[in-house]
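Engineer: Sending over a structure as structure tokens; questions will come in a sec.
The values are calculated or read from the model by the stated rules, or taken from the named source; none is laboratory data. These numbers were taken from a predicted model, which means no experiment stands behind them. Reconstructed Cβ throughout: ideal geometry from the backbone, glycine too, with neighbour counts over all protein chains shown.
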């Protein structure tokens, strides 16, 4: 189940960037999508999968572990993003950070809730709990 959760989490973080590009009108073809991934999702994904083993995000998938991974990885990833792009840590940083935290949390909770629901139904069908 850990690999499925990891893939779904990664997809949510990539989807965040694609939705943001679409909302800002900058999703104009593959090159734009790729750039959006590199600038917005990749910094978060790198931090996410660097800390996930230490927080046992996938070997012990709890809501607590997910939320801790989310808070640390998204925050650090946004900081790395601003550093890599040479942007100032001004009001724009805090707005982007807040939007990123809220958006990624919504996507991750929806995905993890769906995964838990499906896993629960499979357990009920197979007789395992």
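Engineer: Based on what the data block shows, is residue 109 in contact with a helix residue (DSSP H, G or I) (Cβ under 6 Å, 6 or more places away or on another chain) and modelled with pLDDT of 95 or more?
Structural biologist: Taking the combined requirement at face value, the residue does not satisfy it.
Engineer: Same structure again: For the range 25-34, does any single residue satisfy the condition of being surrounded by 13 or more Cβ atoms within 10 Å (Cβ to Cβ), part of a loop (DSSP other than H, G, I, E, B), touching a helix residue (DSSP H, G or I) at 6+ places or on another chain (Cβ under 6 Å) and in contact (Cβ under 8 Å) with a residue 60 or more places away in the chain?
Structural biologist: Looking for residues that are surrounded by 13 or more Cβ atoms within 10 Å (Cβ to Cβ), part of a loop (DSSP other than H, G, I, E, B), touching a helix residue (DSSP H, G or I) at 6+ places or on another chain (Cβ under 6 Å) and in contact (Cβ under 8 Å) with a residue 60 or more places away in the chain, one finds none in the range 25-34, hence no.
Engineer: Separate question: For the condition under 19 Å from residue 79 (Cβ atoms), part of a helix (DSSP H, G or I) and touching a residue at least 40 places away in the same chain (Cβ under 8 Å), what is the one hit in 20, 8?
Structural biologist: After applying the criteria, what remains is 20.
Engineer: Determine whether residue 20 is loosely packed, with under 15 Cβ neighbours inside 10 Å and over 17 Å from residue 3 (Cα atoms).
Structural biologist: In short, no.
Engineer: Out of the range 61-97, which residues are modelled with pLDDT under 95 and closer than 18 Å to residue 7 by Cβ?
Structural biologist: 61
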